[in-house]
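What follows is a short report on a single structure.
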Amino acid sequence: MAGNSQRRNRRTSNKKGATVGSGGQRRRGLEGKGPTPPAEARKKHKKNRIANAMAKQAANRRPAPRRGGPKGTSEMVVGRNPVFEALRDGVPATTLYVQQYIDNDERVREALQLAGARGNINLMEAPRPELDRLTNGLNHQGLVLQVPPYEYAHPQDLTAAAYDAGEEPLIVALDGITDPRNLGAIVRSVSAFGGHGVVVPERRAAGMTAGAWKSSAGTAARTPVSRVTNLTRALEGYQKEGITVVGLAADGEHTVEDLPQLAGPVVIVIGSEGKGLGRLVGETCDYRVRISMPGGAESLNAGVAAGIVLYEVARRRA
């Protein structure tokens with residue numbers, strides 16, 4: 001009898017069909033899941049990435065104020081044409097030195113008019129020996145313009161500005177660019193295509209001189225430049241923030257148009273026209289890309305290459 005009872009229980013337990021309480025579970029399964037969460041709360045959404053990056057940035061943010069990087073050195077622009085062009089192109093200046101009893105030609109008059117129109121440039125008359133001393137004997141032609149030290153940004157200031165604007169960072173880092181005119185042209189391209197700043201190394205690289213200011217066509221006033229002692233370490237810091245570092249190289253494994261990471265937060269690293277990226281910098285990059293050149297040219301000017309890549313990034317973000 002006991003054996004028959006156990007067999008009946010096994011048959012009952014294996015019986016197919018609904019079990020107690022299953023109806024309630026099915027009703028819950030038919031219920032709605034509520035309103036769609038905001039974009040900031042949805043994984044893989046662009047706004048979710050930005051919100052997470054902003055939270056991480058806030059947790060690690062330095063207490064120092066914005067534009068808290070090192071200062072450059074003051075600079076003297078000498079000569080009648082260079083001084084006139086610097087004033088015309090909006091290069092910052094503190095003092096215009098004019099030689100006593102100078103021949104009052106057209107360039108001198110125009111330089112004095114431009115300096116006076118700004119209203120914040122001191123006009124100082126000085127004897128020739130004093131100007132010779134200020135310029136270390138250069139041929140100043142009676143006009144010397146003092147340019148104040150440039151206030152460099154901190155690398156984190158560039159990403160903080162992007163996050164504060166609700167945007168994904170777009171930064172250009174330069175490795176071995178020594179021509180100030182190239183630096184100024186790249187600053188201009190970064191400004192034109194919605195970038196958030198430029199990073200340059202302290203050694204063996206161009207800084208924000210009067211020549212760079214002129215080449216930037218005034219955009220240096222609103223596009224920050226950060227100067228770092230170790231470019232590789234600065235790139236690694238950006239990587240820790242979740243930013244992709246992409247190096248531009250003639251033998252890159254990817255092409256600019258085929259790399260989807262350019263649509264997200266990115267630092268674009270550009271090397272010199274002759275040597276390209278340094279070894280350590282190249283090894284630090286997450287990806288290396290090349291620009292397709294069907295015409296067969298071996299390389300492009302650094303400023304031109306930067307403009308091409310920045311255009312591609314801006315096109316994808318539009």
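The values are calculated or read from the model by the stated rules, or taken from the named source; none is laboratory data. As the structure is a computational prediction, the values presented were derived from the model and not from experiment. Cβ atoms come from the backbone with ideal geometry, glycine included; neighbour counts cover every protein chain shown. For the accessible areas, the whole protein counts, side chains as well, though only heavy atoms, and no ligand, DNA or RNA atoms are used. Shrake-Rupley method; radii C 1.70, N 1.55, O 1.52, S 1.80 Å.
Heavy-atom accessible area for L280, with the other protein chains in place and a 1.4 Å probe, reaches approximately 100 Å².
Charge dipole of segment 255-305 (Cα centre as origin; +1 on each Lys and Arg Cβ, -1 on each Asp and Glu Cβ, all else neutral): 140 debye, rounded to the nearest 20. Only Lys, Arg, Asp and Glu carry charge here, each on its Cβ (+1 for the first two, -1 for the last two); on that basis segment 141-280 has a dipole of about 620 debye about its Cα centre.
Hey, if you put +1 on the Cβ of every Lys and Arg and -1 on every Asp and Glu Cβ in segment 101-237, which of G142, A117, G211 ends up farthest toward the positive end of that dipole? Farthest towards the positive end: G142.
Ordering T223, H254, S272 by the projection of their Cα atoms onto the charge dipole of segment 223-278, which places +1 on the Cβ of Lys and Arg and -1 on the Cβ of Asp and Glu, puts T223 at the extreme positive end.
Placing dummy labels 7 Å off each Cα toward the beta-carbon, the span from L280 to S292 is 3.6 nm. Across segment 106-112, rounded Karplus estimates of 3J(HN,Hα) from the backbone phi angles (6.51 cos²θ - 1.76 cosθ + 1.60, θ = phi - 60°) give 4, 5, 5, 4, 5, 5, 5 Hz, Gly and Pro being marked x.
Between R227 and A153, V200, the built amide H atoms are under 5 Å apart, and every one of these is 5 or more places off in sequence or on another chain. In a simple Cβ point-charge model (Lys, Arg +1; Asp, Glu -1; nothing else charged), segment 98-193 has a dipole of about 300 debye relative to its Cα centre.
Within the shell defined by Cβ-Cβ distances under 14 Å, the residues around G218 carry a net charge of +3, with Lys and Arg each +1 and Asp and Glu each -1.
The residues packed around Y97, meaning those with a beta-carbon under 10 Å from its beta-carbon, carry a net charge of -2 if Lys and Arg are +1 and Asp and Glu are -1. Each residue of segment 263-273 is assigned a 3J(HN,Hα), and the resulting list reads 7, x, x, 8, 10, 9, 9, 10, x, 6, 5 Hz, derived from the Karplus form 6.51 cos²θ - 1.76 cosθ + 1.60 (θ = phi - 60°), x at Gly and Pro. Evaluating 6.51 cos²θ - 1.76 cosθ + 1.60 at θ = phi - 60° for every residue in segment 125-139, the Karplus couplings come out as 9, 9, x, 4, x, 5, 5, 4, 5, 4, 9, 6, x, 6, 7 Hz, glycine and proline recorded as x.
Taking 14 Å as the straight-line reach from the Cα of K240, the aspartates and glutamates in range (excluding those fewer than 8 positions away in the same chain) are D286. Under a 5 Å amide H cut-off, with hydrogens placed 1.01 Å from N, I121 pairs with nothing among residues at least 5 apart or on other chains.
Note on R316 and A217: with the Förster distance fixed at 30 Å, the Cβ-Cβ geometry gives a FRET efficiency of about 0.75. Across segment 223-260, the residues whose backbone nitrogen lies under 18 Å from the label position 7 Å along the beta-carbon direction of T73 are 227-229.
What the Cβ-Cβ distance of E85 and E130 gives, at R0 = 25 Å and to the nearest 0.05, is a FRET efficiency of 0.60.
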